[in-house]
Each structure stands twice: as structure tokens, then as C-alpha cells.
């Protein structure tokens, strides 16, 4: 079964495509079909944005579509200052990986050099049978004001993130959540 993975982020594609392909799905990316839709992420939250994207790409291609959106919450910021759904877009501009690292290290520096944070993710799948959604939240982690590891293209903020739990526990939690996400996608495609 063909499925469109509606993201331009290469890290997200790498993260999920192998497991989906092993489940018998043929992953098609936006680059594979050369679609140039610009979808305004006007939703109030990550779930609404994921649904907007999944619907728009499905209606354009008639291919079952997975879309996802991430939100970011950082302790120490007021509700109005929270990053929310626009992690890469700041002050009206879409930031590249390098600009993101600069923006967030400056932000964390203003919070004292270290800040507790978490991501909220929402997946939306649009098929001829309807729209299905799944939401997850990562374990809390710390952002720091200086990179601690090499930049992962597409996930630049990993370079300024420190896990709170030990590495083994964090990997176990991530694997469990990724397994739930893959299972959600498989069930939604039936």
C-alpha cells in the first residue's frame, strides 16, 4: 500500500519509514511527487495542524496521507511566550537548523542556561475512510545554552538537549512510543 508521508523534514522520514516499509507500506515523500502546497498551520494546537496538513495533501493526491506536527513547551516561559506549534517559525521567519540553534540557545541563556522542556506530537492520517489521530508527549529533557552533540539535520534542537533519564531508559521509552505510533499507523491504514 502506498502512503504519503507529508513532511519535508528528512529526520522524521528516516525515523519512521523503515518500520512502515517493513509493515508492507510504500512510503512516498513530498519530494517524490514534487508537490508544492503551502499549508497555513492555523490550528490552535498540534492535532489541528496535523489534521489540516493530512487533509490538504490527501485531497491534492488522493493517496492515504500521514502528517505530523510538533509542539514545544519550555518551563520558565509564560503561557503567552510558549513556543507551541511554531518551533521552526520565530518572529515571522522560518529558521534553518543553524538559526534554530542560535535562537534557542539565546532563549535558554536568558532562562539561566538550562531549561526543562518537552515536545508534544500529533499524527493525523487521512484516508478515504476518514481521519485518524494520535497524540504523544516526550519525556521531559533539558535544553542547554551550548551545543552538547553534533547537529542531526532536521532535528537541530537535539544538539542542545540533555535527557533527564539515563540513556538506556530514554531509548527504551522512545522505542515503546515509536512502536505505538507505528501500530496506530498500521491500524489506520486497514
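Applying 1/(1 + (r/R0)^6) with r as the Cβ-Cβ distance of residue 162 and residue 98 and R0 = 22 angstrom yields a FRET efficiency of 0.65. At q = 0.13, 0.14, 0.19 Å⁻¹ the log10 of I(q)/I(0) for region 128-190 amounts to -0.50, -0.57, -0.85, computed by Debye summation with a single uniform scatterer per C-alpha, solvent ignored.
Rounded to the nearest 500, what is the 222 nm mean residue ellipticity of the chain from helices alone, with -39500 (n - 2.57) per DSSP H run of 4+ residues and division by all residues? Don't skip to the answer; put the middle values down first.
Numbers: 5 runs with 69 residues, N = 190.
Here the helix-only value at 222 nm equals -11500 deg cm²/dmol.
As a proxy for reagent exposure, 25, 73, 1 were ordered by neighbouring Cβ count within 10 angstrom, fewest first; the result is 1, 73, 25. Calculate, for residue 42 and residue 91, the FRET efficiency according to 1/(1 + (r/R0)^6) with r their C-beta to C-beta distance and R0 25 Å; round to the nearest 0.05. Efficiency, from the Cβ-Cβ distance: 0.90.
Per-residue Cβ neighbour counts within 10 Å put 148, 108, 120, 46 in the sequence 148, 120, 108, 46, beginning with the fewest.
What ranking of 190, 121, 114 emerges when the number of other C-beta atoms within 10 Å of each C-beta is taken as an exposure proxy, fewest first?
190, 114, 121
Over all distinct alpha-carbon pairs, what is the Kirkwood Rh of region 2-170 in angstrom? Don't skip to the answer; put the middle values down first.
Values: mean 1/r = 0.0587 Å⁻¹.
This gives a value of 17.0 Å.
Principal-axis analysis of the Cα atoms of the chain puts helix 46-61 at an angle of about 40° to the longest axis. Relative to the longest principal axis of the Cα atoms of the chain, the long axis of helix 10-22 makes an angle of roughly 40 degrees. Mean sequence separation of contacting Cα pairs (under 8 Å, at least six apart), scaled by the length of region 2-170, corresponds to a relative contact order of 21 percent. Placing a label point 7 Å from the Cα of residue 79 along the Cα-to-Cβ direction, the residues of region 28-63 whose backbone N falls under 15 Å from that point are 45.
Specify the angular offset, from 0 to 90 degrees and rounded to the nearest 10, of the alpha carbon long axis of helix 97-110 from the longest principal axis of the alpha carbons in the chain. Once rounded, one gets 40 degrees.
Readers should treat all values here as calculations from the given coordinates under stated rules, not as data from a laboratory. Predicted, not measured: the structure shown is a model, and the values here were computed from it. Glycine gets a Cβ as well: all are built from the backbone with ideal geometry, and neighbour counts include every protein chain shown.
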